[in-house]
Amino acid sequence: MPIFNKESLETLKQRVDLVEVLSSHMELKRTGASYKGLCPFHDEKSPSFVVQKGDSHYHCFGCGAHGDAIQFLMTHQKMSFSEAVESLAQRFHVHLEVEEREEKRGLNKGLIKSALETACQFYHYCLLHTAEGHEALAYLYSRGIDLNFIRYFQLGLAPKMPGLFRAVMQAKGVKDEALLEAGLLASNKEGQMREFFSDRILFPIHHHSGGVIGFSGRKYKEETFGGKYVNTPETTLFKKSRVLFGLNYSRRRIAKERKAIIVEGQIDALRLVQVGLNLTVAGQGTAFGDGHVKELVNLGVNQVYLALDSDKAGQEATSKIGHLFQKEGVEVRVVQMPLGSDPDSFLRERGPDAFLKLLAVSIDYINFLVKHLSQDLNLDSPAAKNELMQNATKLIREWDHPLMVHETLRKLAHLLKVPEEIVGVGKDHLPNIYIKKTASVGIQTIDPDRILETDLLRWLLLHGQEQTRLVDIVRLNLAKEDFKVSICQKIFELYSENYENHRSCDLLSLAIDLDDAEGQLVLSDLLQKKVNKEKAESLLIETVQKILDRNWMYKREEIKIKVQSGHCSDEEVLALVKQFDDLKRNPPVVNLNF
């Protein structure tokens with residue numbers, strides 16, 4: 001993350017007009033010396049969100065939301081701190097200075113962004129105003145892409161002539177170093193430069209806040225070397241595993257409506273945006289993965305429509321992407337595209353109203369999954385039906401949200417016409433309780449709980465007496481019940497008692513007080529591992545955090561098992577789900593306030 005200097009941030013603070021920023025995301029009405037509006041952070045009918053004229057902070061008297069322009073963008077638009085600062089700086093024309101130590105890590109991002117914007121203008125010009133561009137335009141027109149589309153989305157053309165792009169960029173003052181960092185030039189082992197894109201139609205790829213961060217180049221001639229698409233390589237700005245194509249056009253509406261449409265290609269995404277469905281995104285340059293899912297989950301998305309191609313590859317992708325979203329607790333609807341059709345061709349042939357009808361009659365993920373998994377199976381065969389059930393159940397149990405798992409297993413039983421008990425949700429079902437296997441006597445096994453807890457005890461016993469802050473940190477954050485290994489719990493309890501009563505907490509005293517062979521063996525083992533005294537506090541805090549995280553995860557798993565057991569009433573299930581959601585929203589953090 002860039003480190004902006006204080007003078008830049010102070011200038012930005014003075015320039016920012018909070019009312020102007022907020023008005024881009026909500027409706028504000030002036031009443032005297034203040035502005036009021038419906039709070040974007042909670043549902044309300046009467047406005048309680050207030051900004052005083054000339055003030056740099058907003059406040060909601062309904063939910064207590066309070067902050068400045070940066071906090072608003074971070075909360076409402078899910079931006080990081082640096083993204084919010086850069087967005088405001090661009091809007092209010094403030095030049096951001098970066099601390100020197102940050103600049104030394106690589107070329108200034110501002111120069112890279114400038115190079116990409118200049119390149120985008122050049123490519124767009126080549127498409128519209130050169131003889132080579134006319135051939136590419138003819139291809140685009142044949143695909144139903146008109147001039148308005150091309151101009152609005154700034155499509156371009158990378159010319160075939162070697163050296164032309166580089167020469168024009170140099171004439172415009174853009175250095176090779178910036179072009180290399182932007183992924184627009186490539187160099188071979190001998191250090192010779194070449195244009196990365198050549199003889200391809202280019203689709204600009206934007207950061208979700210708006211600036212160009214890369215390009216996707218599409219072949220439009222058979223003789224052009226390489227695959228159908230070539231994308232900008234990984235750069236400082238362009239991370240394929242996280243970039244969602246079209247998010248710059250759709251981010252605000254996605255965050256507001258908490259839903260998104262997922263498509264395969266750039267043209268599909270842009271076509272949907274063009275007809276008003278600006279809540280559409282596509283994966284970029286790689287398979288749609290966890291990083292892309294998290295980008296949308298961080299925007300608050302709780303429902304997605306998968307509108308992928310109807311061919312075999314598209315259906316496989318639907319299955320995988322749908323599973324990733326379901327794992328995160330996001331409801332998946334599958335849009336059933338007609339055979340041989342994709343969103344772009346469907347919209348051109350049938351129009352947006354027909355596509356809206358496809359969304360309306362989309363099927364839920366479990367219906368799609370059963371159809372997909374049963375394609376090559378004869379479900380009249382009990383063995384085949386069992387295979388389908390096992391495969392589907394295995395996937396469903398990987399999902400994170402217990403209620404979603406519970407209800408989906410019920411639907412699965414209904415679709416397969418089998419009793420709910422068979423898929424694990426009926427009243428007579430005995431849940432799979434995960435019991436930690438204990439080793440046979442004489443066989444050593446690795447127990448991560450024991451390793452974690454003995455590490456913590458080691459810090460306490462070896463440094464707690466001279467660094468009492470370590471003891472305070474542990475006792476503030478952990479109780480004996482937080483220890484899962486009985487002997488470690490026993491040692492911690494004894495240590496705490498001695499500490500409270502100002503008795504000796506050294507190893508020998510504890511060994512005597514324990515009068516327990518296993519405990520004395522553990523105490524002896526604690527001495528066998530060397531510790532770094534200088535890093536004692538930071539490593540102890542790290543260990544405490546790991547124990548808190550482990551116990552947090554255990555609590556969530558316990559709730560899942562209870563919900564899936566089939567022994568809970570509907571009211572109990574809802575209470576457990578609320579408890580699960582509360583845990584998920586509030587992961588533990590080490591408390592150092594004492």
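The values are calculated or read from the model by the stated rules, or taken from the named source; none is laboratory data. Model, not experiment: these values are computed from the prediction. With ideal geometry, Cβ positions are generated from the backbone for all residues, glycine too; neighbour counts draw on all protein chains shown.
Brief remarks follow.
- Residue list for segment 201-230, restricted to those being of a type in the set (V, I, T) and either over 19 Å from F165 (Cβ atoms) or surrounded by 19 or more Cβ atoms within 10 Å (Cβ to Cβ) (or both): I201, I205, V212, I213, V230
- In this structure, L244 does satisfy being closer than 16 Å to V281 by Cα and under 18 Å from the mean Cα position of the chain (by Cα).
- Filtered residues of segment 213-239 (kept if within 21 Å of the chain's Cα centre (by Cα) and assigned to a strand (DSSP E or B)): I213, G214
- Each residue in segment 326-364 was checked for being buried (at least 21 other Cβ atoms within 10 Å of the Cβ), without any contact (Cβ under 8 Å) to a residue 40 or more places away in the chain and in a helix (DSSP H, G or I), and 1 pass.
- Within segment 380-393, the set of residues being surrounded by fewer than 17 Cβ atoms within 10 Å (Cβ to Cβ) and in contact (Cβ under 8 Å) with a residue 12 or more places away in the chain comprises N391 only.
- Scan of segment 496-513 for residues that are assigned to a helix (DSSP H, G or I), among the polar types (S, T, N, Q) and at pLDDT 85 or above, ordered by number: S496, N498
- Entry remark, segment 447-466: residues being acidic (D, E) and part of a helix (DSSP H, G or I) number 3 in total.
- Only one entry in A186, A158 is modelled with pLDDT of 95 or more and either more than 23 Å from H134 (Cβ to Cβ) or not assigned by the TED database to the domain that holds R251 (or both), namely A158.
- Qualifying residue in segment 103-123 (condition: within 16 Å of Y220 (Cα to Cα) and at pLDDT 95 or above): yes
- Some residue of segment 217-225 being on the phi > 0 side of the Ramachandran plot and in the same structural domain as E117 (by the TED database): no
- Output for segment 175-200, where each listed residue is surrounded by 24 or more Cβ atoms within 10 Å (Cβ to Cβ) and more than 28 Å from the chain's Cα centre (by Cα): L179, F197, R200
- Qualifying residue in segment 84-100 (condition: modelled with pLDDT under 90, assigned to a loop (DSSP other than H, G, I, E, B) and exposed (fewer than 13 other Cβ atoms within 10 Å of the Cβ)): yes
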